[in-house]
1. Of all residues in the stretch 26-49, count the ones that are surrounded by 13 or more Cβ atoms within 10 Å (Cβ to Cβ) and of a type outside the set (A, V, I, L, M, F, W, C).
2. Among what's in the stretch 142-185 and is part of a helix (DSSP H, G or I) and among the polar types (S, T, N, Q), pick the residue that is surrounded by the fewest Cβ atoms within 10 Å (Cβ to Cβ).
3. Is there any pair linking a residue in the stretch 39-65 that is farther than 18 Å from Pro96 by Cβ to one that is aromatic (Phe, Trp, Tyr) and surrounded by 17 or more Cβ atoms within 10 Å (Cβ to Cβ), with Cβ under 7 Å and at least six apart or on different chains, and which?
4. From the list Gly54, Gly10, which one is under 25 Å from Val193 (Cα atoms) and either at pLDDT 95 or above or surrounded by fewer than 16 Cβ atoms within 10 Å (Cβ to Cβ) (or both)?
5. Restricting attention to the stretch 26-40, does a residue exist that is farther than 21 Å from Asp164 by Cβ and touching a Gly at 6+ places or on another chain (Cβ under 9 Å)?
6. Does the stretch 90-112 include one or more residues that are among the aliphatic types (A, V, I, L, M), in contact with a Lys or Arg (Cβ under 7 Å, 6 or more places away or on another chain) and crowded, with 18+ Cβ neighbours inside 10 Å?
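The values are calculated or read from the model by the stated rules, or taken from the named source; none is laboratory data. The structure presented is a predicted model; accordingly, all values stated were derived computationally and were not measured. In this analysis, Cβ positions are derived from the backbone assuming ideal geometry, glycine residues included, and neighbour counts consider all displayed protein chains.
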Amino acid sequence: MAKCLAARLGYVYLDTGALYRAIAWKVQKEQLDPNNLARIQSLLSRTVLRLMRGREGLSIWVDGQAIDQEVIRTPAISQLASCVAALQPVREWLLPVQREIGEEGGVVAEGRDMGTRVFPGADVKFYLDADLEVRANRRQQELAQKGKTIHLKTVRDDMAVRDDRDRTRTVDPLRPASEGIMIDTSQQSVEEVVGHMMTIIADRS
């Protein structure tokens, strides 16, 4: 939905979750224990992560290597990214990377702490939610379109674990911004939700 909104506005789409996935990808590549804070900090100190604008939007480069989005969308990376995202050093390290893109304006940023931590001064903040069962079904269908068959219960359980971890972490937990506009998307299509958001944005212009 955020990607569609960015397209409607002619803005850049920033998927901040992909940044945590990129770090998780490197943690997995180096076979590090995500609970070993010293090793994670060492990894960050020798990591160069860049976001580059192109015709297709933003691309992520780690240590001079372009990261394939499909590679960082596996269930294993999803769970590892959720663990990595709970670490304060990682969140602090990625904060300026995200804000640098935001400083240029014309950005729709998607992430679990966008309105509360990364872009507290954003012009408009949305908090999208949906019933867990609905979200799991959507995710399973998305994976199926990419040729990946995963049992619905596995998808649902993985989501529940990630949600709980993100909501209860001590650093930048998942929560709505005080001035965020809540939208329950359970019974709405992508087009309906994006249309609703466009109306709200127009009313604030």
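1. Applying the first criterion (surrounded by 13 or more Cβ atoms within 10 Å (Cβ to Cβ)) to the stretch 26-49 yields 26-28, 32, 34, 37, 39-44, 47, 49.
Still in the list and also of a type outside the set (A, V, I, L, M, F, W, C): 26, 28, 34, 39, 41-42, 47.
Of the residues in the stretch 26-49, 7 are surrounded by 13 or more Cβ atoms within 10 Å (Cβ to Cβ) and of a type outside the set (A, V, I, L, M, F, W, C).
2. Within the stretch 142-185, the first condition is being part of a helix (DSSP H, G or I), and the residues that meet it are 142-145, 152-168.
With the extra rule that they be among the polar types (S, T, N, Q), the set shrinks to 145, 154, 168.
On the way: Gln145: 8, Thr154: 12, Thr168: 10.
The extreme case among them is Gln145.
3. If the second residue must be aromatic (Phe, Trp, Tyr) and surrounded by 17 or more Cβ atoms within 10 Å (Cβ to Cβ), the pairs left are Gly57/Tyr13.
4. Numbers: Gly54 fails: under 25 Å from Val193 (Cα atoms).
Just a single option satisfies the conditions, and that option is Gly10.
5. The answer is no, given that none of the residues of the stretch 26-40 is farther than 21 Å from Asp164 by Cβ and touching a Gly at 6+ places or on another chain (Cβ under 9 Å).
6. First pass over the stretch 90-112, keeping only residues among the aliphatic types (A, V, I, L, M): 90, 94-95, 97, 101, 107-109.
Then keep just the ones that are in contact with a Lys or Arg (Cβ under 7 Å, 6 or more places away or on another chain); that gives none.
Within the stretch 90-112 (the criterion being among the aliphatic types (A, V, I, L, M), in contact with a Lys or Arg (Cβ under 7 Å, 6 or more places away or on another chain) and crowded, with 18+ Cβ neighbours inside 10 Å), the answer is no, since none of the residues qualifies.
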